[in-house]
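Reading through the structure tokens given below for one structure.
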Amino acid sequence: MDLLGKMKSTAEGLGELSQGKVMEWLDDYKRATATLETFGFTVGHFTVSMGLIPEVRTSFIGTVDAVHVDKLEALATAKADDQLLVGLLKALVLARKFHDHVDLKLKDIVLNVTLGVPPKIDVETH
């Protein structure tokens with residue numbers, strides 16, 4: 001097989017592998033969504049991007065007051081095997097601690113999540 005053929009074959013294999021991984025993350029996402037909804041968070045947007053490596057970008061919107069550090073830390077410990085949920089909970093806890101430390105007057109919090117290779121979580125307060 002020539003170099004171009006090898007590159008195409010590798011790209012196709014990578015695309016299939018990452019698509020399978022994204023589908024696993026979507027299952028995790030469904031569970032995380034149900035959990036975050038119990039804390040008053042809602043889905044803000046959901047975007048699917050296609051390319052060599054597909055990805056999903058989504059957000060959860062809630063209030064800073066809904067981020068109860070003790071409850072979220074306990075839940076993260078109890079659900080330690082659910083990597084996406086634990087990552088989201090830890091991001092919320094860290095954002096709340098920073099928010100309180102700086103004494104921000106902002107009330108809303110947004111989790112921006114990228115389900116892709118690699119996954120990514122950002123937190124904003126408004």
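We did not get these values from a lab; they are worked out from the coordinates using the rules stated. Worth saying up front: this structure is predicted, and the values here are computed from it rather than measured. Neighbour counts are summed over all protein chains in view; Cβ atoms, including those assigned to glycine, are modelled from backbone coordinates with ideal geometry.
Here is how the numbers come out for the structure above:
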| read-out | value |
| --- | --- |
| Kirkwood Rh (inverse of mean 1/r, distinct Cα pairs), region 3-125, angstrom | 15.6 |
| Exposure proxy order (Cβ contacts within 10 Å, fewest to most) of ILE121, ILE109 | ILE121, ILE109 |
| Neighbour-count ranking [beta-carbon atoms within 10 angstrom, fewest first] of ASP70, ASP28 | ASP70, ASP28 |
| Least to most buried among HIS101, HIS45, HIS68 (fewest other Cβ within 10 Å first) | HIS101, HIS45, HIS68 |
| Cβ-defined net charge surrounding THR125, 15 Å radius [Lys, Arg +1; Asp, Glu -1] | -2 |
